[in-house]
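> Got a structure for you, written out below as structure tokens; questions coming shortly.
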Amino acid sequence: MQTQPILVTGGAGFIGSNFILQWLASEGTPVVNLDKLTYAGNLGNLEKVSGDPRYSFVHGDISDRKLIGGLLARSRPRAIVHFAAESHVDRSIHGPDDFVRTNVNGTFALIEEARAYWTELPQEEKAGFRFLHISTDEVYGSLGPKDAAFSEATPYSPNSPYSATKAASDHLVRAYHHTYGMPVLTTNCSNNYGPYQFPEKLIPLTILNAMNGKPIPVYGDGKNVRDWLYVADHCEAIALVLARGTPGETYNVGGWNEKPNLEIVHAVCDIVDEMAPRAGGSRRELITFVKDRPGHDRRYAMDAQKIERELGWRPKETFETGIRKTVRWYLENEVWVRDVTSGSYRQWISTHYSV
Ligand code: NAD
Ligand code: DAU
């Protein structure tokens, strides 16, 4: 059974690619990566495993039911780990269509095809099969300064088109367990940071702008709070939930590390100053307060006691260790950064697929 692959969707994105690299290094069983290669998908993230016989890549859309049905029949995965999504809140505000298409309709198409596949599996394989849906803390809405952290029992209250589409997909996945008995699992995670994150998100954007002497945009008053988790810790939590989580359950994954945005930006500027000193003064001088994000959630905080109690997971990195590793990674991976910022990583798609 363990030689059957897992199917990962969205594995060319930030968390998906970290997950595949970690999975092949630790678990070692085969992985099929299905990815549409949107602007956020970059096969350069997976260069280290591109020749690994345990790894294969399929270019495609989770909304394409024919493709999904054929892929499941051919590859016969023992699990699906579903990362594929439109993930950036600001993009969802400017254009929600793709978010509904992929996060809602795409998840529906994927889980419908997964259900058809799972229903026909022999009894033993059917019992062992898992559909693990990767979601976010943003579905719970926004906290006041003194509110208790989100638990798995917190009612959903999504505020952005992004979080609304993620909430919709969480509900669909939940219903497939309740109605059809499908062995689904959901993880809701806080803000990730680390290698291979596309520089539209706060931390990589700040690192690169600090390096390049460009203004560092801070929305509103910079006091919005997020709970930051190093991506490798998130990937470990996912592997653990996949192996030992109880079907039908949801698990909150968080870093126990709430910080206001301005503190994050200050920390990054100071580490860049230390690792790549420049003559012109501190990078903090580049910080520029800009117009706030519409509907900007004030505070997220995760109560991740359930996953610790039931599965023994706790993050290994502190923010101080994780952020230093992250800044160093961006400084040492100039080629990746150049390809991503110039857009040349996208040429792979036109060369291979003429789309
Ligand atoms: P990302 O934007 O970096 O990557 C998304 C990947 O999905 C890309 O490779 C993209 O090409 C692929 N994709 C998009 N639409 C697709 C489609 N229709 N079919 C197939 N592939 C498609 O995202 P990420 O930051 O790695 O997030 C991964 C998942 O984790 C998402 O579901 C997101 O909601 C969730 N999440 C992210 C964070 C975070 O901090 N980044 C935190 C909690 C949860
Ligand atoms: O909480 C989990 C979520 O974290 C994931 O579900 C999303 O996929 C992921 O994108 C992330 O969402 P955020 O909106 O929290 O991340 P982002 O990096 O875009 O912003 C983090 C905070 O920093 C947020 O309060 C907005 C602020 N910000 C962001 C950018 C890009 C700025 O102040 N300036 C910026 O330039």
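> What is the Å³ per residue value for the convex hull set by the Cα atoms of the chain?
Each residue corresponds to 132 Å³ of Cα convex hull volume.
> Next question, about the same structure. Please name which of 43, 13, 68 has its Cα lying farthest along the dipole of region 1-86 towards the positive end, using unit charges on Cβ (Lys, Arg +1; Asp, Glu -1) and the Cα centre as origin.
In region 1-86, that residue is 68.
> How long is the gain from residue 314 to residue 66 if the chain were fully straight, where each residue apart is worth 0.36 nm and the alpha carbon distance is subtracted? Intermediate results must be reported in sequence, preceding the final value.
Numbers: separation 248, 0.36 × 248 = 89.28 nm, distance 3.95 nm.
Going from the current span to full extension adds 85.3 nm.
> If I model a spin label as a point 7 Å beyond the Cα along the Cα-Cβ vector, how far apart are those points for residue 171 and residue 39 in nm?
Result for the modelled spin labels: 2.9 nm.
> Starting from the Cα-Cα distance between residue 180 and residue 347, subtract it from 0.36 nm times their residue separation and give me the gain in nm to one decimal. List each step's numbers first, then the result.
Values: separation 167, 0.36 × 167 = 60.12 nm, distance 4.23 nm.
Stretched fully, the residue 180-residue 347 segment lengthens by 55.9 nm.
> Assigning unit charges at the beta carbon (Lys, Arg +1; Asp, Glu -1) and nothing else, what dipole magnitude in debye, to the nearest 20, does the chain show about its Cα centre? Intermediate values should be presented prior to the final figure.
On the way: 38 positive and 42 negative charges, 48 e Å.
Taking the Cα centre of the chain as origin, the dipole is about 220 debye.
> Separate question: If you count the DSSP beta bridges with both ends in the chain, what percent of them are antiparallel, to the nearest 5?
Working: 3 of 39 bridges.
Approximately 10 percent, going by the DSSP bridge assignments.
> Would you work out if region 1-121 is rounded, prolate or oblate? Take a ≥ b ≥ c from the square roots of the eigenvalues of the alpha-carbon gyration tensor; rounded if a/c is under 1.5, else prolate when a/b is larger than b/c, oblate otherwise.
Details: a/c = 2.22, a/b = 1.19, b/c = 1.86.
In terms of gyration-tensor shape, oblate.
> Also, I was wondering about something else. Amide H to amide H, which residues 5 or more places from residue 289 or on other chains are under 5 Å from it, using H placed in the peptide plane?
218
> Quick check on region 248-296: take the gyration tensor over C-alpha atoms, sort the square-rooted eigenvalues as a ≥ b ≥ c, and tell me if it's rounded (a/c under 1.5), prolate or oblate. Don't skip to the answer; put the middle values down first.
Details: a/c = 4.23, a/b = 1.75, b/c = 2.42.
Judged from the Cα gyration tensor, region 248-296 comes out oblate (a/c at least 1.5, b/c at or above a/b).
> Find out how many positive minus negative residues lie around residue 101, taking Lys and Arg as positive, Asp and Glu as negative, among other residues whose Cβ is under 11 Å from that of residue 101.
Details: positive: 36; negative: 61, 86, 97, 98.
Within the 11 Å Cβ shell, the charges total -3.
> Could you compute the net charge surrounding residue 153? Neighbours are other residues with a C-beta less than 13 Å from the C-beta of residue 153; K and R count +1, D and E count -1. Walk me through the intermediate numbers first.
Working: positive: 306; negative: 152, 249, 303.
Spelling it out: positives minus negatives among the neighbours equals -2.
> Using 1/(1 + (r/R0)^6) with R0 = 41 angstrom and r between the beta carbons of residue 305 and residue 212, what's the FRET efficiency to the nearest 0.05?
Details: r = 41 Å, r/R0 = 1.00.
Efficiency, from the Cβ-Cβ distance: 0.50.
> Of the listed peptides 17-23, 51-57, what is their order by residue-averaged count of other C-beta atoms within 10 Å, with the highest listed first?
Values: 17-23: 24.3, 51-57: 13.6.
Per-residue Cβ counts within 10 Å, averaged per peptide and sorted highest first, yield 17-23, 51-57.
> Working from Cα positions, state the angle (0 to 90°, nearest 10) between the long axis of helix 161-180 and the longest principal axis of the chain.
20 degrees
> Name the residue farthest towards the positive end of the dipole of region 262-317 from the options 296, 267, 280, assuming +1 on Cβ of Lys and Arg, -1 on Cβ of Asp and Glu, about the Cα centre.
296
> Divide by every residue of the chain the summed helix terms, -39500 (n - 2.57) for each DSSP H run of at least 4, and state the resulting mean residue ellipticity at 222 nm, rounded to the nearest 500 deg cm²/dmol. Before the final figure, lay out each step's value.
Working: 13 runs with 146 residues, N = 355.
So the helix-based figure for the chain works out to -12500 deg cm²/dmol.
Since every read-out is calculated from the coordinates, none of them should be taken as a lab result. The structure presented is a predicted model; accordingly, all values stated were derived computationally and were not measured. Neighbour counts run over all protein chains shown; Cβ positions are idealised from the backbone, glycine included.
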